[in-house]
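Each value in this text was obtained by applying a stated rule to the coordinates, not by laboratory testing. The structure presented is a predicted model; accordingly, all values stated were derived computationally and were not measured. Cβ atoms come from the backbone with ideal geometry, glycine included; neighbour counts cover every protein chain shown.
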Amino acid sequence: MRGLISVLLLSLSSSVLLAQPRYFDWKEVAPGVYAAIGKPGVLSNAAVILTEEGVVVVDTHLRPSWAQDLLAHIRRITDRPVRFVINTHWHNDHTQGNRAYQAAFPRGTVFIAHHRTREDLLSKGIPNLEQTRRMLPERITRLRQQLAEGKREDGSPLDEAARRALEAQLADSEAYLRELEQLEITLPDLTFERSLRLWLGDRQIDVLYFGEGHTQGDVFVYLPQEQVLITGDMLVGGLPFMRDASPLAWASTLEQVGRLPIRTIIPGHGDVQIGTARLELYVRYLRELEQLVREQIQRGASLQEATEALLQDPRLMRYASEFPNFRNGLLGPNGNIAKMYQALRSHGS
Ligand SMILES: [Zn+2]
């Protein structure tokens, strides 16, 4: 009997140990400090810090259901509550899951962000959510229509693989819409200007603002004892995403945080990084892009002429192997070249 019980206990504990979040790769980067790396389709990451006084979560993904998946996993490893949620910036793929923590710990979780992120959530995050709520039903109608007619948007016939892909997109969009219908933005209730330090048990957690970059309100979360830096989208696996960025400030903001002793980085998207090589690459790339675009402006090039010249310039193209989808990230109205060009133009180069 005792043997049976110990077998049962063993299988129970190993199933708890083996259970993994559905949407994330779960990685311990220091004792009690975890990266939840978004699987394909989920994309954005979170960090989870266990302390004797409760749990701290950094960033909350696009969908509350993804945050719930992460929360279910947190509950498998600790019975302590999530005391603090830190949003590194306002983008919906880092904030819309706040609701899941609020629902699980009513009035028990404190939401922390920079002052400017709170402003951005009010002026951009809420309108952005309303716009998605309006546009998603149109997309669903289009997808249903294409499936009913057996044709793609360009009129070409759907083969079996394309049909299955459209069906998956439709199911995913419908699931997202159901979540959005219930969703309200949870605003930070604790904001700050320069830095904030949490003392939880023997853990020190610094929340730091060094200036503009990916948005106007990006904060870093830094654990000095463990030398772990959580960057939000100030550093990601791909090129800097500049739609809402201050391209001229980004490199110097990163340089400031880069002066801290850093062993491990949890980026906003993409895998965990050991050391600071990628942070340094970002700074070099951003400074070089600024210099190259400035040269083009000084010779009077239009944006289109500058873009054509830069795509031939080996000083820029040598970065292609460092970033996936390099050309896509450079081009288009929110691409790195256009955003840097506009920034230099409006600040006078
Ligand atoms: Zn972002």
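Tabulated values for the structure
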read-out: The stretch 280-347, dipole about Cα centre (Lys/Arg Cβ +1, Asp/Glu Cβ -1), debye to the nearest 20; value: 100 debye
read-out: Estimated dipole of the chain in Debye, rounded to 20 [Cβ of Lys and Arg +1, of Asp and Glu -1, Cα centre]; value: 260 debye
read-out: Computed [θ] at 222 nm, deg cm²/dmol, the chain (DSSP H ≥ 4; -39,500 (n - 2.57); rounded to nearest 500); value: -14000 deg cm²/dmol
read-out: Signed unit charges on C-beta, dipole axis of the stretch 93-235, positive-most listed residue 131, 114, 192; value: 131
read-out: Residue exposure sequence - 326, 24, 220 - by fewest surrounding Cβ within 10 Å; value: 326, 24, 220
read-out: Computed over the stretch 182-311: relative contact order in percent, which uses C-alpha pairs under 8 Å that are six or more apart; value: 18 percent
read-out: Proximal aspartates and glutamates relative to residue 339, as straight alpha-carbon distance under 13 Å, when same-chain residues fewer than 8 apart are discounted; value: 244, 290
read-out: Beta bridges by DSSP in the chain, antiparallel share as percent, to the nearest 5; value: 70 percent
read-out: Likely footprinting exposure, 244, 233, fewest C-beta neighbours within 10 Å first; value: 244, 233
read-out: Semi-axis lengths (Å, descending) of the ellipsoid that matches the C-alpha gyration tensor of the chain; value: 35, 29, 20
read-out: Exposure proxy order (Cβ contacts within 10 Å, fewest to most) of 257, 85; value: 257, 85
read-out: Sequence-distant lysines (8 or more away, or on other chains) whose Cα lies within less than 29 Å of residue 27; value: 39
